[in-house]
Amino acid sequence: EPEVTQTPSHQVTQMGQEVILRCVPISNHLYFYWYRQILGQKVEFLVSFYNNEISEKSEIFDDQFSVERPDGSNFTLKIRSTKLEDSAMYFCASNLGNEQFFGPGTRLTVL
Amino acid sequence: GENVEQHPSTLSVQEGDSAVIKCTYSDSASNYFPWYKQELGKRPQLIIDIRSNVGEKKDQRIAVTLNKTAKHFSLHITETQPEDSAVYFCAATGGAGSYQLTFGKGTKLSVIP
């Protein structure tokens with residue numbers, strides 16, 4: 001069964017550094033998402049992407065964040081200048097209809 | 001925007017008993033309500049979902065009910081097993097053509113053997 005994949009599984013970075021989190025959505029899916037989950041808390045929506053542009057974003061998704069689909073398979077989340085509070089698990093998801101399929105997540109630790 | 005409240009935050013049941021988790025939502029335009037199970041350190045996995053044109057849906061030991069008028073929906077797990085122990089999240093989406101999921105805060109279910 002096809003799955004969403006994400007790399008890396010764990011990323012450690014220094015505050016102020018840029019990070020890029022990578023995702024490969026399921027191949028025939030059209031909608032792509034990033035969510036984050038701070039340890040012990042609920043999953044929070046960041047951004048959705050359709051037809052090569054952002055379709056929705058939350059207030060969390062400020063100017064420090066950007067997304068890109070650089071080719072036909074990858075979907076990336078860039079954080080320009082990481083803060084301590086960006087430490088969280090970041091999940092990519094994709095869907096064709098209503099059901100969203102989540103990737104395994106990237107645990108981002110900002111020191 | 002949508003707001004989803006979930007109760008209880010923790011739930012302990014004896015193996016074989018039933019577990020019920022309840023959620024309310026605020027946006028009457030929301031039309032899709034999935035439930036996700038998340039084991040420690042793992043991705044959320046969809047276990048059941050319901051659309052707003054349906055009042056109840058069942059899949060083996062799991063059922064979901066939806067009351068659109070009251071804007072609440074519930075997850076029912078019968079004959080619980082230790083492997084049901086996990087955090088369960090409800091979510092809502094679909095208001096105003098939106099696909100973003102708004103999650104509840106989660107319920108940590110512990111099934112005691």
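The values are calculated or read from the model by the stated rules, or taken from the named source; none is laboratory data. Quick caveat: nothing in here was measured; it's all calculated off a predicted structure. Using ideal geometry, Cβ is built from the backbone for each residue, glycine included, and neighbour counts are taken over all protein chains shown. These area figures cover heavy atoms from the full protein model, side chains too; ligands, DNA and RNA do not enter into them. Shrake-Rupley method; radii C 1.70, N 1.55, O 1.52, S 1.80 Å.
Annotations for the structure displayed:
- Residue-normalised accessible area of the range A:1-71, given per residue in Å² at a 1.4 Å probe: 59 Å²
- Averaging 1/r over each pair of different alpha-carbon atoms in the range B:54-113 and inverting the result gives 13.2 Å, the Kirkwood hydrodynamic radius.
- The fraction of Cα-Cα pairs per 10 angstrom bin, counted from 0 for chain B, comes to 15, 49, 29, 6, 0 percent, rounded to whole percents.
- Taking 7 Å steps out from each Cα toward its Cβ at B:Ser110 and B:Ala70 produces label points 2.9 nm apart.
- Shape of chain A, Cα gyration tensor, a/c cut at 1.5: prolate
- Heavy-atom accessible surface that B and A bury in contact, both chains counted, 1.4 Å, Å² to 100: 1800 Å²
- Normalising the average separation of contacting C-alpha pairs (under 8 angstrom, six or more residues apart) by the number of residues puts the relative contact order of chain A at 38 percent.
- Contour minus Cα-Cα distance for B:Glu79 and B:Ser52 (0.36 nm per residue): 7.0 nm
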